[in-house]
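Just so it is clear, none of the values below were taken in a lab; they were calculated from the coordinates. These figures come from a predicted structure and were not determined experimentally. As a convention, Cβ positions derive from the backbone with ideal geometry for all residues, glycine included, and neighbour counts pool all protein chains shown.
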Amino acid sequence: MEPNLIAKLKELAHEAFKNSYSPYSHFKVGAAVVMKGGSLFSGCNVENASYGATVCAERNALFQAVSKGHKELEAILILTDQEHPWPPCGMCRQVMLEFGSPETKVFTANLNGTLNQFTLGQLCPESFTPGNLS
Ligand code: THU
């Protein structure tokens, strides 16, 4: 993927990161996605007093895209301020599988410039996908 696009995803994820609503965990997370056709969306984690109603940054970003009619995920970048960038949680991986493919790129980044790259296929071997229902 073009370095400029990765930089743009990181910039958008950082903007969302700043809006993180995380009064309970105090962990800020931002995410940005690029969808087929090139549209970009971002989201932050939004926590809840019930804890269980918390939505991760990845799902928030992806749902913003789907809400605008973009359903094919090409790449996602997840940004935290942690020393070791956070990989996506299992629930977010499952949501990525709904709109992505094994080739979907997953970048994990922090504010110090660390950037790791995976494919969704690497993160989700033997996954359950919409194809299993057809
Ligand atoms: N969180 C994310 O936003 N993405 C992840 O992949 C892992 C966890 C959020 C959820 C919660 O608000 C906080 O980080 C601590 O788990």
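Assuming ALA57 fulfils every condition listed in (1) without any contact (Cβ under 8 Å) to a residue 40 or more places away in the chain; (2) small (Gly, Ala, Ser); (3) in contact with a strand residue (DSSP E or B) (Cβ under 6 Å, 6 or more places away or on another chain) apart from one, which condition is it?
It is condition (1) that ALA57 fails.
Which of the residues that make up the stretch 107-122 are touching a residue at least 40 places away in the same chain (Cβ under 8 Å) and either among the small types (Gly, Ala, Ser) or part of a loop (DSSP other than H, G, I, E, B) (or both)?
ALA109, LEU111
Being surrounded by 15 or more Cβ atoms within 10 Å (Cβ to Cβ) and part of a loop (DSSP other than H, G, I, E, B) is the filter; apply it to the stretch 85-100 and report the residue that is farthest from the ligand (Cβ to nearest atom).
GLY100
Quick check: anything in the stretch 58-71 away from the ligand (no atom under 11 Å from the Cβ) and either under 16 Å from LEU5 (Cα atoms) or among the aromatic types (Phe, Trp, Tyr) (or both)?
yes
Which pairs turn up if I take residues in the stretch 23-45 that are within 15 Å of THR108 (Cα to Cα) and β-branched (Val, Ile, Thr) and look for partners that are assigned to a strand (DSSP E or B) and within 13 Å of the ligand (Cβ to nearest atom) with beta carbon separation below 6 Å, at least 6 apart in sequence or on another chain?
Hits for this filter: VAL29/THR80; VAL33/ILE76.
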